Amino acid sequence: MSIFDSPTLNKLMSIPPNAKEMLRKPEKKMTINISVWLDSKTLVICEGYVVYHNTVRGAAKGGIRIAGNVTLDETTDLAERMTLKTALVGIPFGGGKSGIRMDSKNLSSYDKKEIIKEYVHLLRNDLVSGAYIPAPDMGTGPKEMAIIYGELHIPECVTGKPVGIGGLPGRKEATGYGVATSAIHACKKYLKKEVKGVKMAVQGFGNVGSWAAHFLNEKGAKVVAISDVSGGLYNKEGLDINKLSEYVKTKGVVSGFPGADKLSNEELLALDDIEVLIPAALENVINEKTAPKIKAKIIVEGANGPTTTEGDKIIDNNGIILVPDILANSGGVIASYIEWRSSKSGSMTPVAEVYKSISDLIINSFERMADLGKKEKLSNRNASTVLATQEVINAMQERGWI
Ligand code: NAD
């Protein structure tokens, strides 16, 4: 269901009927068929989805996900979140997303290259015109963005490129940096303490989870648990994040890392000695089954949509503070905006400036969300959604859409 149909949101704010009609459905939904010959000499035809949710504030912006369970509904939901995310942090982009239904684990780099080239072939007009600007998401990274650039030779048509070909220093780690910034700010605000020594658990050790853990570890947080698709690790003294990153570079997964106990993904969520929990892998992991068991005081959503509506209610009733995805993981799109701007102008942006922009925009939006929440007695989820929706409505009025 679209968030704009949610009875809670419609009780909290009055969305003009025309705006609601435009927002409850995406502007454009496309299904594409990507046919490629794989390395194994087999022909594969996989379905892909491209959704532009709303572009009143700018071009559709959102990552490309490659995963075996991607659906059109999921891609639509993620595009809608992008509309809200860019609006909340004040980035002049709209919301978009792509999903390619293919299990990325079984693909060679040749296979991925062929799939991305075909994706570009099918979407060329929108990419060349700048109507949609892709970036990495689960199953894609700088390499795939480099292939898109290589097919089009337009620097601003894609973000998340490798630094050597017009990418932005700091983009790769930007989402994790923003998640860490959100967690640090939440500790100060709600626990009234610095992050040093605060025990945390991170689910997911891909792009978002590994960089979030890296920056939090650097600031002295004790990351006691990490998990990924292979299972989880626990060490009550804190895991050695640098050694774990090296280990994952060679082994591909966290399991088997020495000096830590094993634990399951469900056990990680329910740990009783952590203050901050960071789901940074999958959707819907905090739900009616798992939410009642959560003992952490703060949840920082690194992943998109890790908490279901039922999970949200339980978290809220149990007095757990949640920093929502549209704020916590916005570092990636903030850096993408800086990369797009630099690519268009041909200028270079130093990494310190990238980090500063991410911190400034996230902390500023965090405070606006918290202020509204305090004034209107709203959860962070509701306050952030109201603020972002209002920005989109304002833009619709300014552009004469409504
Ligand atoms: P990734 O592919 O780099 O990593 C995903 C991680 O999740 C891996 O460690 C994988 O092992 C783990 N995982 C997969 N299945 C799992 C399971 N069943 N149980 C536990 N762990 C599992 O993806 P990513 O880019 O880090 O994205 C993670 C989340 O963050 C997604 O929801 C994505 O939409 C969101 N996000 C990513 C970015 C970005 O810049 N990459 C930006 C904003 C939001």
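Summary table below
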read-out: Distance (nanometres) between label positions extended 7 Å along Cα→Cβ at K219 and I45; value: 5.0 nm
read-out: Kirkwood Rh, Cα atoms: Rg over Rh of the chain; value: 0.95
read-out: Charge context of L327, other residues only, Cβ under 14 angstrom, K/R +1, D/E -1; value: -1
read-out: Heavy atoms of V229: accessible area, 1.4 Å probe, square angstrom to 10; value: 130 Å²
read-out: Among the listed pairs K85/K219; K61/K313; K199/K356; K297/K374; K172/K193; K222/K374, those beyond 21 Å (Cα-Cα); value: K85/K219; K61/K313; K199/K356; K172/K193; K222/K374
read-out: Between region 1-15 and region 17-32, the Cα center-to-center distance that results, in Å; value: 15 Å
read-out: Mean Kyte hydropathy of -1.0 or more with a Cα span along the axis of at least 24 Å, helices from DSSP in the chain; value: 72-89, 109-129, 351-376, 380-398
read-out: Low-density loop cleavage sites - trypsin sites (Lys or Arg not before Pro) in region 356-400, where at most 13 other Cβ are within 10 Å (DSSP); value: K377, R399
read-out: Selection from T31, V51, S108 lying farthest towards where the dipole of region 13-121 points positive, charges on Cβ; value: V51
read-out: Positive minus negative residues near S343 (Lys, Arg vs Asp, Glu; Cβ under 12 Å); value: +2
read-out: Value at 222 nm in deg cm²/dmol, rounded to 500, when DSSP H runs of n ≥ 4 in the chain each add -39,500 (n - 2.57); value: -14000 deg cm²/dmol
read-out: Rounded to the nearest 20 debye, dipole of the chain from Cβ charges on Lys, Arg, Asp, Glu; value: 600 debye
read-out: Cα gyration tensor category, rounded, prolate or oblate, for region 168-402 with a/c compared to 1.5; value: oblate
read-out: Sparse-neighbour loop sites [GluC sites (Glu not before Pro); region 286-325; at most 16 other C-beta within 10 Å; DSSP]; value: E288
read-out: Sparse-neighbourhood loop sites, GluC sites (Glu not before Pro) in region 149-238 - DSSP loop, at most 16 other Cβ within 10 angstrom; value: E194, E237
read-out: Residues of region 168-402: accessible area per residue with a 1.4 Å probe, Å²; value: 43 Å²
read-out: Computed over the chain: relative contact order in percent, which uses C-alpha pairs under 8 Å that are six or more apart; value: 15 percent
read-out: Carbon and sulfur %, accessible surface of the chain computed with the full protein complex present, 1.4 Å; value: 52 percent
read-out: Total charge dipole magnitude, region 168-402, about the Cα centre, Cβ charges on Lys, Arg, Asp, Glu only, Debye to nearest 20; value: 420 debye
read-out: Whole-Å semi-axes of region 196-239's equivalent ellipsoid (Cα gyration tensor); value: 16, 13, 6
read-out: With DNA, RNA and ligands ignored, accessible area of D73 (1.4 Å probe; Å², nearest 10); value: 120 Å²
read-out: Cβ-based charge dipole, region 69-145, positive-most Cα from L127, T75, A87; value: L127
read-out: Relative contact order [Cα under 8 Å, 6+ residues apart], region 136-211, whole percent; value: 23 percent
read-out: Rounded to the nearest 10 Å², the accessible area of W401 at probe 1.4 Å; value: 80 Å²
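The values are calculated or read from the model by the stated rules, or taken from the named source; none is laboratory data. Everything numeric in this text was worked out from a predicted model, so none of it was measured. Here Cβ is always computed from backbone atoms with ideal geometry, including for glycine, and neighbour counts include all displayed protein chains. Please note that ligands, DNA and RNA were not included when accessible areas were found on the heavy atoms of the full protein model with its side chains. Shrake-Rupley method; radii C 1.70, N 1.55, O 1.52, S 1.80 Å.
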